[in-house]
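J.: Can you keep this structure in mind? I'll have questions shortly.
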Amino acid sequence: MDAEFWVATGFVLFVGLVGYLGVHTKIAAALDTRAARIRAELAEAERLKKEAADVLASFATKRVEAEREAAAIVDQARAEAELIAKDAQERLADFVKRRTAQAEAKIATAETQALAQVRAAAADAAAAAAEIVLRSDVRGQLGEDLLARGIGDVKLLAN
């Protein structure tokens, strides 16, 4: 009996003992349990992957909505700024127009007053000149009457 015989006998005894004790079923059950656990982990990973894809799509939708809302806010702000600028420009134009009208009214009043003053001064000068001429040229009652009537006429013209 050589060593190969004893190795073969030991192997057969080992396999018989393993079969008798049911180790092969325990190994198969352990492998089946491990395979079931791996399948469950793969299913969980697939579920998590789908959930992550859904969350990503949700965030993409929210991002698009946020960008659209931001664009709407910017457009509204531009429109309001344009309205404010237009209103300010109209107010400025109205202010300038009113100030111009006030200045023109003041100028017209000043011109009227200056013209009245010039007329009054001219009338006073004419009256004084007429008085001097009439006193020196015309004497007596006729001179006095002409003088009074001329001064009255000049004063009426001045007003």
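The values are calculated or read from the model by the stated rules, or taken from the named source; none is laboratory data. As the structure is a prediction and not an experimental result, all values here were calculated from the model. Cβ: placed from backbone, ideal geometry, glycine included. Neighbour counts: every protein chain shown.
J.: State whether the residues of the range 82-103 include one that is among the hydroxyl-bearing types (Ser, Thr, Tyr) and under 38 Å from the mean Cα position of the chain (by Cα).
T.: Among the residues of the range 82-103, at least one is among the hydroxyl-bearing types (Ser, Thr, Tyr) and under 38 Å from the mean Cα position of the chain (by Cα), which makes the answer yes.
J.: Can you spot a residue in the range 5-19 that is out of contact with any Phe, Trp or Tyr (no Cβ under 9 Å at 6 or more places or on another chain), exposed (fewer than 10 other Cβ atoms within 10 Å of the Cβ) and either assigned to a helix (DSSP H, G or I) or modelled with pLDDT under 90 (or both)?
T.: Within the range 5-19, one or more residues are out of contact with any Phe, Trp or Tyr (no Cβ under 9 Å at 6 or more places or on another chain), exposed (fewer than 10 other Cβ atoms within 10 Å of the Cβ) and either assigned to a helix (DSSP H, G or I) or modelled with pLDDT under 90 (or both).
J.: Can you confirm whether LEU56 is of a type in the set (A, V, I, L, M, F, W, C), closer than 30 Å to ASP153 by Cβ, without any contact (Cβ under 8 Å) to a residue 40 or more places away in the chain and assigned to a helix (DSSP H, G or I)?
T.: no
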